[in-house]
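Everything on this sheet refers to the single structure shown next.
The values are calculated or read from the model by the stated rules, or taken from the named source; none is laboratory data. Note that this is a predicted model, so its numbers are computed, not measured. Glycine also receives a Cβ, built like all others from the backbone with ideal geometry; neighbour counts cover every protein chain displayed. Side chains are part of the model used for accessible areas, which takes the heavy atoms of the whole protein and leaves out ligands, DNA and RNA. Shrake-Rupley method; radii C 1.70, N 1.55, O 1.52, S 1.80 Å.
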Amino acid sequence: MTARIIDGNALSAEVRGQLAERAAALKAKGITPCLAVILVGEDPASAVYVRNKVAACEKAGMRSLRDVYSPDVDPAVVFKRIAELNADPSVHGILVQLPLPRHFDSEAVLEAISPEKDVDGFHAENVGALMQGNPRFIPCTPYGVMKMLESANVPLKGAEVVIVGRSNIVGKPMAMLLLAQSCTVTICHSQSKDLAFHTRRADILVAAVGRAKMITGDMIKPGATVIDVGINRTPEGKLCGDVDFETAKEVAGAITPVPGGVGPMTITMLLANTLEAAERTQMRKAK
Ligand code: NDP
């Protein structure tokens with residue numbers, strides 16, 4: 001059996017088309033959705049992510065601002081800029097690219113962003129809202145995964161889900177979203193015993209670890225849906241996921257590739273959150 005591919009590029013193109021239409025409708029009412037991105041330091045991967053986010057905004061008819069700071073910048077400068085962006089009514093979304101240099105208190109930076117503009121959904125207030133089942137902004141990567149599951153018509157109610165990875169950015173919010181859809185969710189991490197025992201039980205397996213090809217075909221239940229969030233490089237410099245695609249696709253029922261899977265959907269859902277924030281501004285104005 002060869003698994004059905006859940007194509008993140010194709011779904012992204014479709015969703016971005018819908019977002020561009022909504023952005024145009026909002027523009028006609030005098031509001032251009034605007035995302036402000038802050039990058040600190042010279043991490044090459046972060047620079048690429050920021051470039052892609054800014055380009056995607058512009059392609060969808062949204063405005064973007066980009067502030068780039070040297071790695072040794074005084075955190076006070078960044079806090080001041082966040083305060084300015086919070087106060088600027090023409091800015092609807094604010095994103096600080098992670099990771100930040102060591103001399104930054106990342107949590108304090110995320111908390112400084114107004115919850116109404118926190119399009120990454122990392123502010124404690126937004127995390128709490130997600131926990132309570134009433135999200136304001138859903139973190140972009142798990143949001144993208146939910147869209148992929150929906151588009152692939154993967155049954156969720158009662159499904160056994162195993163998520164490998166418990167980060168605040170991916171694993172934990174992913175678990176909350178799937179729990180809200182009545183999945184039975186197990187979260188594994190670096191201290192989990194017998195990882196394969198868990199993964200082999202999964203109807204839906206989400207890998208979000210950051211270790212190239214660690215999930216192999218023999219760890220997958222036949223027919224399972226496999227979502228590969230990981231982004232890694234092989235020794236030859238090629239992009240690959242946390243799942244060993246070649247062996248996994250022979251066992252899984254459906255699988256996301258890397259590249260071309262979850263990655264493009266993450267940026268798409270960032271656009272969706274920014275647009276949503278701008279639409280809320282318009283609704284408040286109209287009241
Ligand atoms: P983190 O490093 O924050 O978290 C990794 C998680 O994996 C941790 O919970 C860790 O456990 C767990 N882990 C580490 N080793 C093992 C192991 N041997 N067995 C089981 N679990 C293990 O990573 P992120 O969540 O930020 O990212 C995960 C991956 O997803 C990365 O490759 C990242 O690049 C990618 N990513 C992709 C995105 C996309 O758009 N496609 C967006 C965001 C991330 P513990 O908590 O015990 O340390």
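Dividing the mean sequence gap of close Cα pairs (under 8 Å, 6+ apart) by how many residues the range 159-287 holds gives a relative contact order of 20 percent.
Only Cα pairs under 8 Å and at least 6 apart count here; give the relative contact order of the chain as a rounded whole percent. Please report the intermediate quantities before stating the final value.
Values: 569 pairs, mean separation 65.2, N = 287.
So the answer I get is 23 percent.
Counting only protein heavy atoms and a probe of 1.4 Å, the accessible surface of the chain is 54% carbon and sulfur. The slack between ARG211 and LYS29, meaning 0.36 nm per residue of separation minus the straight C-alpha distance, is 60.9 nm.
Here the simple spin-label model places points 7 Å from the Cα toward Cβ, and for LYS59 and VAL77 these points are separated by 3.1 nm.
Compute the length gained on full extension between SER192 and ASN134: take 0.36 nm times their separation in residues and subtract their Cα-Cα distance, giving the result in nm to one decimal. Write down the numbers at each step before the final one.
Values: separation 58, 0.36 × 58 = 20.88 nm, distance 2.98 nm.
Gain on stretching SER192 to ASN134: 17.9 nm.
Here is the list for the range 201-287: GluC sites (Glu not before Pro) lying in DSSP coil, each with at most 16 other C-beta atoms within 10 angstrom of its C-beta, are GLU236, GLU250.
To the nearest 0.05, how large is the calculated FRET efficiency for ASP218 and SER106 if R₀ is 45 Å and r is the Cβ-Cβ distance? Could the numbers behind the result be given before it?
Details: r = 37 Å, r/R0 = 0.83.
Step by step, r from the Cβ atoms, then E = 0.75.
Karplus-based coupling profile of the range 131-136, in residue order and whole Hz: 4, 7, x, 9, x, 9, with θ = phi - 60° in 6.51 cos²θ - 1.76 cosθ + 1.60 and x standing for Gly or Pro.
Between GLU150 and ALA87, the distance separating the two model label sites (each 7 Å from Cα on the Cα→Cβ line) works out to 3.7 nm. Across the range 161-174, computed HN-Hα scalar couplings (Karplus, 6.51 cos²θ - 1.76 cosθ + 1.60, θ = phi - 60°) run 10, 10, 10, 9, x, 10, 6, 5, 7, 10, x, 5, x, 4 Hz from first to last residue, x flagging Gly and Pro. Loop-located trypsin sites (Lys or Arg not before Pro) in the range 114-197 (DSSP state not H, G, I, E or B) with no more than 11 neighbouring Cβ atoms inside 10 Å: LYS157, LYS193.
For Cα pairs less than 8 Å apart in space and 6+ apart in sequence, what is the mean separation divided by the residue count of the range 50-143, i.e. the relative contact order in percent? Display every interim value, and only then the final one.
Details: 73 pairs, mean separation 17.2, N = 94.
Result for the range 50-143 is 18 percent.
The distance linking the range 77-127 with the range 142-214 is 27 Å (Cα centroid to Cα centroid, whole angstrom). Placing +1 on the Cβ of every Lys and Arg and -1 on the Cβ of every Asp and Glu, with no other charges, gives the range 30-114 a dipole of roughly 380 debye about its Cα centre. The residues of the chain expose, per residue, 47 Å² of accessible area to a 1.4 Å probe. Looking at the chain alone, DSSP beta bridges between its own residues are antiparallel in about 5 percent of cases. For the chain, the direction-averaged projected area of the alpha-carbon convex hull comes to 15.3 nm².
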